[in-house]
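Quick notes on the structure that follows.
Derivation of every value follows stated rules applied to the coordinates shown; laboratory data play no part. Owing to the predicted nature of the structure, the values given are computational and were not obtained by experimental measurement. Methodologically, a virtual Cβ is constructed for each residue, glycine included, from the backbone with ideal geometry; neighbour enumeration extends over all protein chains shown.
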Amino acid sequence: MLSQQSKEDPKEQALSLSNPWQQTLAASFEQSGVGLHSGQLTRVKVSPAGPNQGRYFVRTDLPDAPPVPARVEAVSQTTLSTELADGESRVRTVEHLLAALATLGIDNARIEIDGPEAPLLDGSAKPWVDAILAAGIAAQKVQRIVRSPTTPIFVQKGDAFVTALPAPSTRFTYGIDFEPSAIGNQWHSWSPDQAADPENDFGGQIAPARTFALAHQIEQLRASGLIKGGSLENAIVCGESGWLNPPLRFPNEPVRHKLLDLVGDLSLLGVVSNIHVLAYKASHYLHVELAKKLQPTLSTS
């Protein structure tokens, strides 16, 4: 059963690992747009869900509207986005929406979608954050299950890696290194514990960071059937001489977006606390591989 919607400042409603109660939305909201890879227009309706139901997708365009759980065991592929599947029901590019839900403390949500890929919107998670806050957050008088790692986990592919370490508090740190000088080597670190600080809240500092691409790779990716819905309106593109569609929202917007993706991918584990996740030159594949190895090491607190 839902409690009445909180009237506190939205940042005070954000994910607090000390908050013992599960949360859901106070009302439904809708978003629509094209998918990054499919180029297909889809509509998403995100609604409240009961305690212990978790975050899950429902393919309303398929017979019997099959559900797809937003859990790590449902990941089906990770090529330039994260795709979830349960049987023939699939949903791609879920990481931005899931990051927004998780960081705003939405444990339970029903996500109806009428196509195979979540809309990219402006390429960031900010429209999702704004819609969630406008809908409101409702507490549920059911204990939130919080889990913490008991041992360090490390995954690597070449010089790229992701590691998770038990820590006093939760933090995500990301590093990237690209040849174009407009990107180069960038690092960023963010903690959910900073959510109440206007200078560090997810909605203002991480969610607005947009997906990015290298101009010389675009033709090859499209020839491979990818990024059909990508454009200068929903991604920032870097060429040899710099950004094709400035200005950036942050000087290090690319690495902030990678951190956003990491948060979304690790949300598939549920609520995890007391962990420092450090990633370097990683990918959705490595994020998910870390989650798979991390899952059995988590203890309930």
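Approximating the spin labels as points 7 Å out from Cα along Cα→Cβ, the Val142-to-Ser76 distance works out to 2.6 nm.
Rounded to the nearest 5, the antiparallel percentage of DSSP beta bridges internal to the chain is 75%.
Of Ile275, Pro296, Gln205, which is farthest towards the positive pole of the chain's charge dipole, taken about the Cα centre with +1 and -1 on the beta-carbons of Lys, Arg and Asp, Glu respectively? Checking the options against the dipole of the chain, the answer is Pro296.
Once the Cβ-Cβ distance between Asp122 and Leu165 is put in as r, and R0 is 45 Å, what FRET efficiency do you end up with, to the nearest 0.05? Mind dumping the intermediate values first?
Working: r = 33 Å, r/R0 = 0.74.
With a Förster radius of 45 Å, E is 0.85.
Using a simple spin-label model with pseudo-atoms 7 Å out from Cα toward Cβ, Ser191 and Thr300 lie 2.8 nm apart. When the listed pairs Lys157/Lys292; Lys157/Lys228; Lys228/Lys281; Lys258/Lys293; Lys141/Lys293 are checked against a 26 Å cut-off, the alpha-carbon distance exceeds it for Lys157/Lys228; Lys141/Lys293. Site pair Gln40 and Leu214 shows an inter-label distance of 3.0 nm when each label is modelled 7 Å from Cα along Cα→Cβ. In terms of its C-alpha gyration tensor, the chain comes out rounded, because the ratio a/c of the largest to the smallest axis stays below 1.5.
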